[in-house]
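Heads up: the structure comes next, in structure tokens.
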Amino acid sequence: MSTDKKKLLEMYRTMVTIRQFETMAGEYFAAGQIPGFIHLSIGQEGSSTGVCSCLRPDDYVATTHRGHGHMIAKGADLKRMVAELFGKVTGYCKGKGGSMHIADFSIGILGANGVVAGGLPLIAGAGLSIKLRKTDQVAVVFFGDGASNRGPVHEAMNMAAIWKLPVLFVVENNQWASTTPQGYACALGDLCQRAAGYNMPGYSVDGNDVLAVRETTLKAVAAARQGEGPSMIENKTYRIRGHFEGDPQKYRDQAEVLTWQEKNDPIRRFEEHLVKSQILTKKKSKVIWDEVKAELDAALEFAQSSPYPKPEDALQDLFVNA
Amino acid sequence: MSDRIMSASAALAEALHEEMARDETIFILGEDLTAHAGIFGQFKGIPEKFPGRILDTPISEAAIAGCGVGSALTGMRPIVDFHFSDFVTCGMDEFCNQAAKIRYMFGGQVKLPMVVWCPDGAGLRAAAQHSQSLEAWFVHTPGLKVVVPSEPADVKGLMKASIRDDDPVMFFQHKRLFRREGHVPADPEFIIPLGRAAVKRPGKDVSLLTYGSGFFLCMDAALELAKEGIDAEVVDLRSLKPLDMETVAASVKKTFRAVIVHEACVTGGFGAELAARIQAELFDHLDAPVLRVGAKDVPIPFSPPMEDFVLPKPADVIAAVKTVCYR
Ligand SMILES: Cc1ncc(C[n+]2csc(CCOP(=O)(O)OP(=O)(O)O)c2C)c(N)n1
């Protein structure tokens, strides 16, 4: 499948943006400037970017507690994202949500979720709505390997299958669910095997190969748009950071983390591919990293100089008609 | 025997160690328990001391709750760790339609000795889905017992009683209080029976009826009120079901005024139930309406100024007390 040069560079920039965003978030969290807790997706940029590179602005995405990357890849505004992490009134949710609850409904992001697997039943609903409204949108839900063991996953997948809803179930198998290794919590080798139980196509993909993710997603999106129903994609990847920032990580050997980091970094792999294909040079890559850095600095400046919400703002937004 | 100073977390772990050593049918079930001894470190030493009796599960709340119910029906005494109390919604059928009703529906044939441990409460900037206080839902479900300890000694004594109880117990423990320290008796038979409140600060002017994190708000408020010449009695209810109405009545008959304080939002909260009972049973003893202090009726917002605004504070308790004391 051929993807033009401009698109490839756009994807590279997206991955770099996610990496830098997450790195920044980790630093400011450690410095005590971001309240609550945050879950970073460093090392999983291939999945978020590869999938969202196939989507239109009017397609839907439901994301997770580890959702910054999905937001960015779907086109979210960095300023409003950073401001939300900082709890500022200029944030996406006016400070009501924080990292775990960012959303941008104007670009089809139906929300991050603090409840593991919370997005799956909702995405079936978005798919049903697409079908009832007779548009050719698609609805994508991201979830983790841990999430795939919750009951609502199976109810949603079954319903999407029987009604041939235009839904993509994207499980990001990053090997760990908090302290629990994937292989302990599920008897399957490839999580895409679950798809067979609902008679939908299932694909297991090298999630750190952004082009492989894109290629598979293009197939699944095309099928969904043509009314052929849902697919499941398993992006095999790895969680480089702790489950949450500050996680003591006694459950895993840091050597395992280092191996993934050094031998299988999705950004480095894509960069090498682009350089080899003469689409990117080291110099051009540096320009992109610097431009992204400048954009993030501006977002940070925006967030830091923004005011906190007023305490009484807490009482707004509960009902449309109170 | 002497008291020791320990944290609420340590008090919980001690209760579990003692009970698990005493009765080998007790086991613990839940997500992410063994690697870090629970996500809050609350099960310190248990994975090493009782291997095979603290089980890591997949993220499968309905099945976790169900395994609790099913194993309790068949001779075990499960302690089900629910990670964050907010996720009780994911085990609601097993708790409310199964655990709460099985003994009754089947005409009292079986016992269901299960403890559901639910870390709850706000103040950690954890936002709407990780900060709730949901105890009232379960008080509203006949067949479940509901326990909400405040100080470390209560945690220990009530956990031991809950484990020994033959009925399902929802046990809510506030996340922000895990590290808070207090005196805990060393006696391994120190048990606080369910349904027994404690008058933790005697007073004569007003009864502050509270539980969980509300207890500390009340103690802070009582100190301030004392400076203004108002002598508040603080009653820690400790268990909401069964409820120690006798201790409540004795207090109200002495002070003629009651303010109910909890962290959960006011509307439909446990305060509503207690206020109704006080007016029905103690009407002649009241010199003022019963007031309630709790969180504002919104989900818990993330940003610190808003979260702080939503949660009840000692100042809110003081204001309510002054209203009922006509000051
Ligand atoms: C219903 C529910 N159960 C448990 C949790 C606590 N929790 C938050 S994230 C997490 C692990 C999720 O693992 P996975 O789905 O693999 O996603 P990852 O964190 O690896 O991205 C757990 C257990 C939760 N938020 N919601």
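The values are calculated or read from the model by the stated rules, or taken from the named source; none is laboratory data. Just so you know, these numbers come straight off a predicted model, no measurement behind them. For neighbour counting, all protein chains shown are included, and Cβ atoms are generated from backbone atoms with ideal geometry for every residue, glycine included. The area values use the complete protein model at the heavy-atom level, side chains included, leaving out ligands, DNA and RNA. Shrake-Rupley method; radii C 1.70, N 1.55, O 1.52, S 1.80 Å.
Annotations
- Hey, residue A:258 within 30 Å of residue A:35 (Cα to Cα), part of a helix (DSSP H, G or I) and more than 14 Å from chain B (Cβ to nearest Cβ) or not: yes
- Among the residues of the range B:53-69, those identified as of a type outside the set (Val, Ile, Thr) and more than 14 Å from the ligand (Cβ to nearest atom) are B:53, B:55, B:66, B:67, B:68.
- The residues of the range B:279-322 that are within 16 Å of residue B:232 (Cβ to Cβ) and in contact with a strand residue (DSSP E or B) (Cβ under 6 Å, 6 or more places away or on another chain), listed by number, are B:290, B:291, B:292, B:293, B:312, B:316, B:317, B:320, B:321.
- So residue B:72, is it within 16 Å of the ligand (Cβ to nearest atom) and open to solvent by less than 30 Å² (accessible area, probe 1.4 Å): no
- Contact annotation: residue pairs with Cβ atoms under 9 Å, 6 or more positions apart or on different chains, pairing a residue in the range B:40-58 that is away from chain A (no Cβ under 12 Å) with a partner that is outside any helix (DSSP H, G or I) and among the basic types (Lys, Arg), are B:46/B:53.
- Set B:20, B:6: member being open to solvent by less than 40 Å² (accessible area, probe 1.4 Å), in contact with a Pro (Cβ under 9 Å, 6 or more places away or on another chain) and more than 16 Å from the ligand (Cβ to nearest atom): B:6
- Within the range B:36-52, not a single residue is surrounded by 19 or more Cβ atoms within 10 Å (Cβ to Cβ), touching a Cys at 6+ places or on another chain (Cβ under 7 Å) and under 13 Å from residue B:117 (Cα atoms).
- The range B:201-219, residues that are assigned to a strand (DSSP E or B) and open to solvent by less than 10 Å² (accessible area, probe 1.4 Å): B:206, B:207, B:208, B:209, B:210
- Output for the range B:160-181, where each listed residue is open to solvent by 10 Å² or more (accessible area, probe 1.4 Å) and either on the phi > 0 side of the Ramachandran plot or of a type in the set (S, T, N, Q) (or both): none
- A residue that is at pLDDT 95 or above, within 15 Å of the ligand (Cβ to nearest atom) and in a helix (DSSP H, G or I) cannot be found anywhere in the range A:33-44.
- Residue check, residue A:129 within 16 Å of the ligand (Cβ to nearest atom) and not in a loop (DSSP other than H, G, I, E, B): no
- Here residue B:20 qualifies as modelled with pLDDT of 95 or more and away from every other protein chain (no Cβ under 14 Å).
- For the range A:112-148, the set of residues classified as more than 11 Å from chain B (Cβ to nearest Cβ) and among the small types (Gly, Ala, Ser) consists of A:119, A:124, A:125, A:126, A:127, A:129, A:139, listed by residue number.
- Remark: pairs (first residue in the range B:94-111, in the same structural domain as residue B:142 (by TED's automatic domain parsing) and closer than 11 Å to residue B:69 by Cα; second residue at pLDDT 95 or above and loosely packed, with under 12 Cβ neighbours inside 10 Å; Cβ separation under 7 Å; 6+ apart in sequence or on different chains) = B:100/B:142.
- For residue A:192, the conditions (1) over 22 Å from the mean Cα position of the chain (by Cα); (2) away from every other protein chain (no Cβ under 14 Å); (3) within 16 Å of the ligand (Cβ to nearest atom) all hold with the exception of (1).
- Residues within the range A:86-122 that are among the hydrophobic types (A, V, I, L, M, F, W, C), open to solvent by less than 10 Å² (accessible area, probe 1.4 Å) and more than 23 Å from residue A:140 (Cβ to Cβ), tallied: 1
- Just one of (1) at pLDDT 95 or above; (2) within 14 Å of chain B (Cβ to nearest Cβ); (3) not in a helix (DSSP H, G or I) fails for residue A:320. It is (2).
- Tally, over the range A:154-195, of residues that are open to solvent by less than 20 Å² (accessible area, probe 1.4 Å) and acidic (Asp, Glu): 1
- Enumerated strands (runs of 3 or more DSSP E) restricted to the range B:232-327, each holding at least 2 residues that are open to solvent by 10 Å² or more (accessible area, probe 1.4 Å) and either in contact with a Ser or Thr (Cβ under 8 Å, 6 or more places away or on another chain) or not polar (S, T, N, Q) (or both): B:258-265, B:291-295
- Restricting A:100, A:159 to residues that are in contact with a His (Cβ under 8 Å, 6 or more places away or on another chain) and either more than 14 Å from chain B (Cβ to nearest Cβ) or not acidic (Asp, Glu) (or both) narrows the list to A:100.
- Test result for residue B:81, open to solvent by 30 Å² or more (accessible area, probe 1.4 Å), within 16 Å of the ligand (Cβ to nearest atom) and not hydrophobic (A, V, I, L, M, F, W, C): no
- Apart from one condition, residue B:117 fits all of (1) open to solvent by less than 40 Å² (accessible area, probe 1.4 Å); (2) without any contact (Cβ under 8 Å) to a residue 12 or more places away in the chain; (3) outside any helix (DSSP H, G or I); the exception is (2).
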